[in-house]
Protein chains: 2
Amino acid sequence: MPHSGDLDLETFRAEGRRLVDWIARYLEGVEQLPVLARVRPGEVRAALPPSPPARAEALETILADVDRVIVPGLTHWNHPGFFAYFANSSPTPAILGEMLTATFNVNAMLWKTSPAATELEITVLDWLRQMTGLPEGLFGVIQDSASAATLVGLAAAREAVPGLDVRRRGLVGQARLRMYASDQAHSSVEKAGIVLGIGQEGLRKVPVDSEFRMEPRALAVAIAEDRAAGWTPFAVTATVGTTSTTSIDPVSAIADVCARERLWLHVDAAYTGSAAVVPELRGLLQGCERADSLVMNPHKWLFVPVDLSAFYTRRPEVVKAAFSLMPEYLRTAEEAVAPNLMDYGVSLGRRFRALKLWMVIRSFGHEGLAARIREHVRLAQVFRGWVEEDPAFEMMAPTPLSVVCFRWRGDGLSGPDADRANEKILDSVNLSGDAYLSHTKLSGRIVLRLAIGNIRTEERHIKKAWEQIKNAVGQVNR
Amino acid sequence: MPHSGDLDLETFRAEGRRLVDWIARYLEGVEQLPVLARVRPGEVRAALPPSPPARAEALETILADVDRVIVPGLTHWNHPGFFAYFANSSPTPAILGEMLTATFNVNAMLWKTSPAATELEITVLDWLRQMTGLPEGLFGVIQDSASAATLVGLAAAREAVPGLDVRRRGLVGQARLRMYASDQAHSSVEKAGIVLGIGQEGLRKVPVDSEFRMEPRALAVAIAEDRAAGWTPFAVTATVGTTSTTSIDPVSAIADVCARERLWLHVDAAYTGSAAVVPELRGLLQGCERADSLVMNPHKWLFVPVDLSAFYTRRPEVVKAAFSLMPEYLRTAEEAVAPNLMDYGVSLGRRFRALKLWMVIRSFGHEGLAARIREHVRLAQVFRGWVEEDPAFEMMAPTPLSVVCFRWRGDGLSGPDADRANEKILDSVNLSGDAYLSHTKLSGRIVLRLAIGNIRTEERHIKKAWEQIKNAVGQVNR
C-alpha cells in the first residue's frame with residue numbers, strides 16, 4: 001500500500017504536527033480571507049472528483065485539496081468579521097478537545113460503555129449550571145443541537161399529560177394537544193410540533209409586545225380560548241433571547257401561567273444561557289429556575305465548537321419515561337445505579353462531547369469566559385451608539401446582549417424601496433469579504449442584524465463593518 | 001491572565017504538537033490498557049472538582065487529569081480487543097479530519113453558511129453510494145445517528161400518507177397509523193414511533209424465521225389483519241444486519257409487499273451498509289435499491305469516528321415537506337438552486353461531518369477500505385470455526401458478516417443455570433482487560449456475541465479472546 005491510512009504512528013506524528021501548523025496558519029490568516037464564501041452553487045462539487053479514489057492517497061495530497069477547494073468554498077465562521085446569525089467560535093483549547101474526542105471515539109450511550117464520558121458529562125453540565133446560577137438538583141444531559149433539545153423537552157411535556165400515555169398509545173384518538181410560544185420563537189419549536197405529531201395547528205403563536213417579548217396576558221387568554229374550544233393545552237416554550245432580536249420573554253410571569261394551568265414550561269435559552277456566566281447578567285435567566293426543561297447552547301456563545309447543546313430538566317424521570325427503551329443486548333448490571341444517557345434523547349449513539357466543554361471551561365476559567373462575553377456585550381453597545389448617533393440609521397429593537405438590529409432609514413424612499421436598499425447594503429458589505437451580517441424582518445420591514453460572538457472579534461472589526469455599512473449607503477444612494 | 005486560553009498561536013503550536021504525541025502514545029499503548037473500564041459508578045465524578053475553576057488552567061494540568069481520571073475511566077473503543085455491540089474505529093486520518101472540522105467550525109445549515117461543507121457532504125455521500133452499489137439519483141444527507149436517520153425516514157413516511165397532512169394537522173382525529181418491523185429490529189424504530197406520536201402500539205413486530213429474518217408472508221398477513229381491523233398501514237422498516245445477530249431481512253420480498261400495499265420502505269443497514277463497499281459483498285444490499293429511505297453508519301464499520309450516519313432517499317421532496325421551515329432570518333438568494341441541508345432533518349445546526357469521511361475514503365481508498373472489511377469478515381469465520389470445532393460450545397446464529405453469536409452448552413446444566421454460567425464467562429473475560437464482548441438473548445437464552453470491527457483487530461486478538469473464553473469455562477465449571 002502506498003500509504004498506511006492508519007497504523008503507522010510515526011507517520012501520524014509527522015502528519016499531525018504538519019496539520020497543527022496548518023491550523024495555526026489558518027487561524028493566523030483567517031482574517032485575510034473573505035468571510036462569506038465567494039463560490040457559486042455547484043462550483044465546489046465540480047472541483048471534486050465525481051468518484052472515490054480506488055487507492056490510498058497521501059495526506060499532503062488531501063491537504064492540498066483542502067487549500068485549493070475547501071477553504072475558498074467556506075464561509076469562515078471563525079473569522080472575526082463573522083456577524084451573521086449567532087456568531088460562534090472554535091478557540092484552540094476546543095480544537096484540542098475535539099482531537100481527544102476523536103481519538104478516544106467512545107460511545108457514551110451506556111454508563112458502562114464509557115463511565116468517564118458519562119460522568120464528565122454530568123459533572124461539566126453541573127459546572128455550567130453553577131456558572132449560570134441555575135438551581136441545584138437539575139439533571140443535565142448533552143444534546144447535539146437546541147432543536148433536538150427542544151424536541152426532547154416537548155416530548156417529555158407530551159408524555160406528562162395525565163391520562164394519555166402517548167408513548168404506548170400514540171396520539172390518534174386522544175385529546176387535541178396544543179402548545180404555545182411567542183411569534184418570535186425559534187422554528188425548532190414548530191418543527192418539534194411537526195415531528196411529535198402535534199402538527200403546526202397544535203402550536204399557537206402568542207403575540208409579543210413592542211420589544212418582541214411574549215405577552216403573558218395574551219398567553220393566558222389564548223389558553224382559556226383553546227380550553228373552551230376543546231383543545232388540551234400542555235406546554236409553553238419561553239424564549240430567553242430570540243433569534244431575530246434577542247428579546248427575552250418574561251419567564252416569571254409565564255411560569256405563573258404555567259403553574260396555574262399545569263403546563264410544562266420549556267425555556268429556549270440557546271443563545272442567552274451562555275451570557276449568564278457573567279455575574280452581573282445572571283438576572284437574564286430570572287424565572288428559569290421554575291422551568292421544567294431548559295436548553296442553552298455552549299456551541300453558540302461559550303466558545304465551544306458545534307455541536308454541544310446543554311439540556312436541563314427538573315423532571316428527568318419524565319424524559320426517561322418518554323424515551324427509554326432497553327433492548328436485551330444493552331442491558332448492564334450497572335443500570336440501576338448509574339445513568340445511561342441514551343435514555344434521555346432520540347439518539348442511542350452519543351459522542352464524547354463533554355470533553356471539549358471541560359477543556360474550554362478549564363482553559364479560560366469562569367472569569368475568563370465571563371470577561372470575553374462581557375466584552376462582546378460592550379462591543380454591541382458601542383456599535384449601537386454609532387447607529388444611534390447617525391441620523392441616517394435607526395435602531396429596530398433593544399440590544400440586551402450582543403446583537404444589534406438596525407436599518408438605514410431610506411432617505412425618503414418608500415417602504416419597499418427602503419427594504420430593497422437595506423438588502424443592497426447588506427449584500428455590498430457581505431461582498432467586501434471583511435464582514436458578514438445577516439438580516440431579519442421586524443414589523444414587516446427588512447432589518448440588518450450584527451451579531452457579536454466570535455472570540456476573535458475586537459473593536460476594530462465592528463468599526464470596519466460600520467464604515468463599510470456607511471460606504472454602502474453612499475453607493476446605494478447614488 | 002496566566003494562560004491565553006485562546007489566541008496565542010505559538011502556544012497552540014506547542015500544545016498541539018504535544019497533544020499529537022500524546023495521541024500517538026495513547027494509540028500505541030491502548031492495547032495494554034484494560035478495554036472495559038474498571039471504575040465503579042461515581043468514581044470518576046468523585047475524582048473531579050465539584051465546581052468549575054475560576055481562573056484559567058494550563059493545558060499540561062488538564063492533560064495530567066486526562067491521564068489521571070479520564071483514561072482509567074474509559075472503556076476503550078479504540079482497543080483491538082473491543083468486541084462488544086458493534087466495534088468501531090478512529091483511525092488517524094479520521095482524527096486529522098476532526099481536527100479540521102473543529103478548526104473551521106462551520107455550520108452546514110444553509111448552503112450559504114458553508115458551500116464547501118454542503119457540497120462536500122453531497123459529493124462524499126455520492127461516493128459512498130457508488131462504493132456500495134446503490135442506484136444513481138439517490139439523495140444523501142448526513143444525520144448524527146441511525147436513530148435520527150430512522151426518525152427522519154419514518155417522519156417522511158408519515159408525511160407521505162395521502163390525505164392526512166400530518167405536518168399541518170397532526171395525528172389527533174386522523175387514521176390510526178401502523179408500521180412494521182421484525183421483532184429483531186433496532187429499538188430506534190420503536191423509539192421513532194414513540195417520538196412521532198404513532199406510539200408503541202403503532203408498531204407491529206413481525207415474526208422472524210429460524211435465522212432471525214423477517215417473514216415476508218407474516219408481514220403481508222399482519223398488514224391484511226390490520227387493514228381489516230381499521231388500521232392504516234404506512235411503513236415497513238427492513239433491517240439489513242440486525243443488532244443481535246446481523247441477520248438480513250429479505251428486502252426484495254419485503255419491497256414487493258410494500259409496492260403492493262403502497263407502503264414506505266425504510267431500510268436500516270446501519271451496520272451492513274459499510275460491508276457493501278466490498279465488491280463480493282454487494283449482494284447484501286439486494287433489494288435496497290427499491291427503498292424509499294435507507295440508513296448506513298460509516299461511524300460503525302467504515303472507520304469514521306462517531307457521529308456520522310448516512311441517510312439516503314429516493315424522495316427528498318417528501319423529506320423536505322416533512323421538515324422544512326424557513327424563517328425570514330435564514331432566507332437566502334441561493335435557496336432555489338442550492339440545497340439547504342437543514343431542510344432534511346430535525347437539527348438546524350449541523351457540524352461539518354463530511355470532512356472526516358472524505359479524509360478516510362481518500363486515505364484508505366476504496367480498495368483499502370474493502371480490504372480491511374474483508375479481513376474482518378474472514379476473522380469472524382475463523383472464530384466461528386473454532387467455536388464449531390469445540391463440542392463444549394454451540395453456534396446460535398449464522399455469521400453472514402463479522403459478528404459471531406455462540407454460547408457454552410453448559411455441560412449438562414439446566415437452561416437457567418447454563419444462562420448464568422454464560423453470563424459468568426462473559427464477566428470473567430471482560431474483567432481480564434484484554435477483550436470486551438457483549439451479549440444478547442436468542443430464543444430466551446443468553447448468547448455471547450463477538451463483534452469484529454475495530455481496524456486494529458488482528459487474528460492474535462480473537463485468538464486471545466477465544467483462549468480466555470475457554471479458560472473462563474474451566475473456572476465456571478469448577
Subset of the range A:204-219, residues more than 18 Å from A:ALA291 (Cβ to Cβ) and touching a helix residue (DSSP H, G or I) at 6+ places or on another chain (Cβ under 8 Å), comes to A:ARG204, A:PRO207
Flagged in the range B:220-229 as out of contact with any helix residue (DSSP H, G or I) (no Cβ under 7 Å at 6 or more places or on another chain) and of a type outside the set (Val, Ile, Thr), in numbering order, are B:ALA222, B:ALA224, B:GLU225, B:ASP226, B:ARG227, B:ALA228, B:ALA229
Of those in the range B:54-70 that are facing chain A (nearest Cβ under 8 Å) and in a helix (DSSP H, G or I), the residue farthest from the chain's Cα centre (by Cα) is B:THR61
Conditions (1) farther than 15 Å from B:PHE234 by Cα; (2) more than 11 Å from chain A (Cβ to nearest Cβ) -> B:ALA181 fails only (1)
Of the residues in the range B:201-225, those that are within 14 Å of another protein chain (Cβ to nearest Cβ) and either surrounded by 17 or more Cβ atoms within 10 Å (Cβ to Cβ) or closer than 21 Å to B:ILE248 by Cβ (or both) come to B:GLY202, B:LEU203, B:ARG204, B:LYS205, B:PHE212
inquiry  = Any residue that is facing chain B (nearest Cβ under 8 Å), farther than 30 Å from B:ALA149 by Cβ, at pLDDT 95 or above and crowded, with 24+ Cβ neighbours inside 10 Å - is there at least one of those in the range A:349-362?
reply    = yes
Picking from A:GLY283, A:GLY287, the residue that is on the phi > 0 side of the Ramachandran plot and away from chain B (no Cβ under 14 Å) would be A:GLY287
Answer yes or no as to whether B:PRO34 is farther than 23 Å from A:ARG13 by Cα and without any contact (Cβ under 8 Å) to a residue 60 or more places away in the chain.
no
Over the range A:418-434, the set of residues buried (at least 20 other Cβ atoms within 10 Å of the Cβ), under 25 Å from the mean Cα position of the chain (by Cα) and either closer than 20 Å to A:SER244 by Cα or among the β-branched types (Val, Ile, Thr) (or both) is A:LEU426, A:VAL429, A:ASN430
Filter the range B:28-53 for residues that are surrounded by fewer than 15 Cβ atoms within 10 Å (Cβ to Cβ) and within 7 Å of chain A (Cβ to nearest Cβ); the one that is nearest to A:THR132 (Cα to Cα) is B:SER51
Please verify whether the range A:71-79 includes one or more residues that are within 8 Å of chain B (Cβ to nearest Cβ), aliphatic (A, V, I, L, M) and under 21 Å from the mean Cα position of the chain (by Cα). yes
(1) part of a strand (DSSP E or B); (2) under 30 Å from B:ARG378 (Cα atoms) all hold for B:ALA276 apart from (1)
Residue count, the range A:141-160, condition closer than 16 Å to A:ARG351 by Cβ and more than 8 Å from chain B (Cβ to nearest Cβ), comes to 4
Practice problem: Kindly indicate whether any position in the range A:153-163 is in contact (Cβ under 8 Å) with a residue 24 or more places away in the chain and surrounded by fewer than 17 Cβ atoms within 10 Å (Cβ to Cβ). | Solution: no
Checking A:GLY385, A:GLY415 in turn, the sole residue that is surrounded by fewer than 23 Cβ atoms within 10 Å (Cβ to Cβ), modelled with pLDDT under 95 and out of contact with any Leu (no Cβ under 7 Å at 6 or more places or on another chain) turns out to be A:GLY415
Considering the range A:208-243, residues that are free of Cβ contacts under 8 Å to residues at least 12 places away in the same chain and part of a helix (DSSP H, G or I), and then whichever is farthest from the chain's Cα centre (by Cα), we arrive at A:ALA228
Inside the range B:74-83, the number of residues satisfying the requirement of being buried (at least 24 other Cβ atoms within 10 Å of the Cβ), of a type outside the set (S, T, N, Q) and under 20 Å from B:ALA275 (Cα atoms) is 3
Self-check item: B:LEU154 part of a loop (DSSP other than H, G, I, E, B) and not β-branched (Val, Ile, Thr)
Solution: no
Of the residues in the range A:280-292, those that are buried (at least 22 other Cβ atoms within 10 Å of the Cβ) and farther than 11 Å from A:VAL240 by Cβ come to A:ASP292
Quick count over the range B:450-478, residues being farther than 20 Å from B:TRP301 by Cβ and in a helix (DSSP H, G or I), is 14
Inside the range B:102-135, the number of residues satisfying the requirement of being of a type in the set (S, T, N, Q) and either part of a loop (DSSP other than H, G, I, E, B) or more than 7 Å from chain A (Cβ to nearest Cβ) (or both) is 6
By my count, strands (runs of 3 or more DSSP E) wholly in the range B:337-449 with at least 3 residues that are touching a residue at least 60 places away in the same chain (Cβ under 8 Å) are B:403-408, B:436-442
How many residues of the range A:124-152 are polar (S, T, N, Q), more than 15 Å from B:SER145 (Cβ to Cβ) and buried (at least 24 other Cβ atoms within 10 Å of the Cβ)? The answer is 2
Of the residues in the range B:317-336, those that are outside any helix (DSSP H, G or I) and over 30 Å from A:PRO49 (Cβ atoms) come to B:SER324, B:LEU325, B:MET326, B:PRO327, B:ARG331
Checking the structure you have, find out if any residue of the range B:316-324 is touching a helix residue (DSSP H, G or I) at 6+ places or on another chain (Cβ under 7 Å) and among the polar types (S, T, N, Q). yes
Checked B:VAL295, B:VAL251, B:VAL277, B:VAL346 against criteria (in contact with a Cys (Cβ under 7 Å, 6 or more places away or on another chain), in the same structural domain as B:SER147 (by TED's automatic domain parsing), buried (at least 23 other Cβ atoms within 10 Å of the Cβ) and of a type outside the set (S, T, N, Q)); the one match is B:VAL251
Within the range A:168-190, the count of residues that are in contact (Cβ under 8 Å) with a residue 24 or more places away in the chain, surrounded by fewer than 22 Cβ atoms within 10 Å (Cβ to Cβ) and out of contact with any Phe, Trp or Tyr (no Cβ under 7 Å at 6 or more places or on another chain) comes to 2
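The values are calculated or read from the model by the stated rules, or taken from the named source; none is laboratory data. In this text, all values refer to a predicted model and were calculated from it rather than measured experimentally. Glycine gets a Cβ as well: all are built from the backbone with ideal geometry, and neighbour counts include every protein chain shown.
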